[in-house]
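Readers should treat all values here as calculations from the given coordinates under stated rules, not as data from a laboratory. Worth saying up front: this structure is predicted, and the values here are computed from it rather than measured. Here the Cβ positions follow ideal geometry from the backbone for every residue, glycine too, while neighbour counts run over all protein chains shown.
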Amino acid sequence: MILRPYAVVVVPFPYSDRLSEKRRPALIVSNAELPEMLGRVWLAMITSVGSSEIGDVAIGDLAKAGLPVASIIRCSKIATLDANRIVRSIGQLAEPDVKAAQEALRLCAAF
């Protein structure tokens, strides 16, 4: 499986407040070399929860992203997983959604 930046994948995403995980869609936000060189990916959570937090971005093109319901990228929730834990790839963000995600990621990051 080729792991490109801004691909939408299904993974066992860890909860931030407890020692468990939930299978859900996530957005690859690491560069393409990271999984090839180190076997890891950085992921931003994707959720269909309607509440809003700083760094949330609504996904406009759901079909291209491979998502069946209205969803948001929760850029404040980032995880690192071994690439072999990715269950499957389901889509890719459309360019306008990539731009919005990049802005939100910069808002949440200190680099």
Karplus (6.51, -1.76, 1.60) ³J(HN,Hα), θ = phi - 60°, over the range 9-16, in Hz, Gly and Pro reported as x:
10, 9, 9, x, 7, x, 6, 8
Within 10 Å of each residue's Cβ, count the other Cβ atoms and sort Val29, Val41 from fewest upward.
Val29, Val41
log10 I(q)/I(0) for the range 7-108, Debye formula on C-alpha points only (no solvent), q = 0.15, 0.21, 0.24 Å⁻¹, two decimals, reads -0.55, -1.13, -1.46
With the radius of gyration and the Kirkwood radius both derived from the Cα set of the range 36-92, what is their ratio Rg to Rh?
1.00
Mean-square fluctuation check for the chain, GNM, Cα pairs under 10 Å: which of Gly66, Gly39, Gly91 is largest?
Gly39
Using a Förster radius of 22 Å, what is the FRET efficiency between Ala109 and Asp17 based on their Cβ-Cβ separation? Nearest 0.05, please.
0.60
